[in-house]
Amino acid sequence: QQQVKQSPQSLIVQKGGISIINCAYENTAFDYFPWYQQFPGKGPALLIAIRPDVSEKKEGRFTISFNKSAKQFSLHIMDSQPGDSATYFCAATDNYGQNFVFGPGTRLSVLP
Amino acid sequence: NAGVTQTPKFRVLKTGQSMTLLCAQDMNHEYMYWYRQDPGMGLRLIHYSVGEGTTAKGEVPDGYNVSRLKKQNFLLGLESAAPSQTSVYFCASSYLTGLRETQYFGPGTRLLVL
């Protein structure tokens with residue numbers, strides 16, 4: 001019940017295209033859903049996050065869509081750029097952040 | 001402001017050896033975490049701490065011990081290293097706000113156990 005599923009495992013997108021990564025969770029106690037971006041050799045860094053009281057959050061080219069009834073959320077990267085090439089992790093947490101659960105990650109490659 | 005730092009960056013151990021990984025943060029964060037990252041498995045929580053002097057087990061605590069004697073430091077110990085502990089270890093810290101937590105990660109420690 002703690003698991004967060006993430007798909008696809010890898011994604012190749014042309015420059016200017018839309019990248020979409022999907023995540024699903026089971027634990028209804030989760031109430032905070034962040035996305036992290038990780039470049040090779042670096043630690044993950046928070047990209048964008050959402051709470052279940054909203055269905056969508058947008059920050060620049062990055063948008064999270066959240067479907068509470070389906071227990072699913074997704075990351076959309078509009079106008080994808082080669083600099084967006086990285087591994088993306090979705091995560092979920094409850095209890096005020098005492099225990100984070102991460103998805104397995106999606107390796108995104110944006111072709112020039 | 002260095003954020004979250006980890007020492008060492010890379011280490012090679014022989015099976016049965018012990019070592020301690022050090023995490024330090026200068027953001028006055030209450031929460032600190034240790035994760036391991038393995039290919040295709042994302043990050044898995046080993047141990048975490050909600051304040052100085054407190055620690056708790058995460059998802060994969062076996063074979064590891066931790067200590068939080070000072071608020072800014074979180075130590076991860078391997079008493080008897082095993083090849084299964086070959087991984088990249090990340091430390092993270094976050095505020096205690098009662099709202100939603102943003103975790104700040106260190107650069108990682110790459111550990112190879114032979």
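Bear in mind these aren't lab numbers, they're just calculated from the coordinates by the rules spelled out. What you are looking at is a predicted structure, and each value in this text was computed from that prediction instead of being measured. Don't worry about glycine lacking a Cβ; one is built from the backbone with ideal geometry, like all the others, and counts go over all protein chains shown.
Comparing B:Asn65, B:Asn73, B:Asn28 in a Gaussian network model of chain B where C-alpha atoms under 10 Å apart are linked, the largest mean-square fluctuation is found at B:Asn28. Between A:Lys58 and A:Phe39, full extension at 0.36 nm per residue minus the direct alpha carbon distance yields a gain of 4.7 nm. The distance separating the Cα centre of region A:55-87 from that of region B:37-114 comes to 27 Å. Counting only other chain Cβ atoms within 10 Å of each residue's Cβ, the peptide A:15-27 averages 0. Other protein chain C-beta atoms within 10 Å of residue C-beta, averaged over B:84-90: 1. Among B:Val60, A:Val101, the order by Cβ neighbours within 10 angstrom, fewest to most, reads B:Val60, A:Val101.
Each semi-axis of the equivalent ellipsoid for the protein assembly as shown is √(5λ) with λ an eigenvalue of the Cα gyration tensor; in descending order they amount to 29, 20, 16 Å.
Look at the Cα gyration tensor of region A:39-112: its axes a ≥ b ≥ c give a/c of at least 1.5 with a/b at or below b/c, and that counts as oblate.
Can you figure out the FRET efficiency of A:Asp94 with A:Gln14, using R₀ = 45 Å and their beta-carbon distance, to the nearest 0.05? E(calc), rounded to 0.05, equals 0.75.
For the peptide A:42-52, the mean number of other protein chain Cβ atoms found within 10 angstrom of a residue's Cβ is 4. Listed by Cβ neighbour count within 10 Å, with the fewest neighbours leading, B:Phe10, A:Phe66, A:Phe102 appear as B:Phe10, A:Phe66, A:Phe102. Could you sort out which of A:Lys15/A:Lys57; A:Lys5/A:Lys42; A:Lys58/B:Lys70; A:Lys15/A:Lys42; B:Lys9/B:Lys71; A:Lys5/A:Lys57 sit more than 29 Å apart by Cα distance in this structure? Pairs exceeding the cut-off: A:Lys58/B:Lys70.
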